[in-house]
Amino acid sequence: MAKSQQTFNKTEKEKKRLKKREDKQKKKLARREAAKESGLTGIQFAYVDYNGNLTDTPPDPSQKVKVDAESIELGIPKKEESDEVFDPVRNGKVSFFDTSKGFGFIIDSENQEKYFTHVSGLIDEIAENDKVSFELEKGMKGMNAVRVKKI
């Protein structure tokens, strides 16, 4: 004689699942009845006021602003070419340079910014307090001075 495949645990899970489904159906019917009694049928509206906040009152039509569709720019505006040509070569003074480790810092003469420089970016040998010309390049931690020449 074969044993039933339906265990106690399976029947309990099935009962719970059916009870959950029944409770859900009862809640759904209760919500429908409450909506009919309160008279709220249809879609409720939310309006956006002039500050971007949601309100339940419609906006005042007298304060409506007419926007020309042609004046709206989509995307990033194209960069305009200016007559001013940017000179990539800058001048500065070596504030610190460690020859044993192979790095140092250069202070830009225009904006007094400090830029990191490495031996690999040098054209001439430099030392502290030398006047140099250099170009800037984006490095891992900021702008680096490269192609450094002694003036």
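For the reader, a short list of remarks on this structure follows.
- Cα centre as origin, Lys/Arg/Asp/Glu Cβ charges: the range 91-135 dipole, Debye: 120
- Net charge, Gly104 excluded, C-beta distance under 12 Å - Lys, Arg +1, Asp, Glu -1: -1
- Subset of Lys79/Lys138; Lys16/Lys36; Lys3/Lys24 violating a 23 Å alpha-carbon distance limit: Lys16/Lys36; Lys3/Lys24
- Prolate is the label for the range 57-132, because a/c, from the alpha-carbon gyration tensor with a ≥ b ≥ c as root eigenvalues, is 1.5 or above and a/b exceeds b/c.
- Principal-axis analysis of the Cα atoms of the chain puts helix 8-38 at an angle of about 90° to the longest axis.
- Of Ala30, Ala127, Ala46, the residue with the greatest mean-square motion in the GNM of the chain, using alpha carbon springs below 10 Å, is Ala30.
- Largest-first principal axis extents, alpha carbons of the chain, Å: 95, 76, 24
- Each label point was placed 7 Å from the Cα along the Cα-to-Cβ direction; for Glu37 and Asn51 their separation is 3.7 nm.
- Distance between the C-alpha centres of the range 81-151 and the range 66-80: 40 Å, rounded to the whole angstrom.
- Partner lysines for Lys20 [C-alpha distance under 16 Å; skip if fewer than 8 residues away on the same chain]: Lys10, Lys28
- Among Lys114, Lys27, Lys66: highest mean-square fluctuation, GNM of the chain, C-alpha pairs under 10 Å: Lys27
Values in this text are rule-based calculations from the coordinates and carry no lab data. Because the structure is a prediction, the values reported are computed rather than measured. Virtual Cβ from ideal backbone geometry, glycine too; neighbours counted across all protein chains shown.
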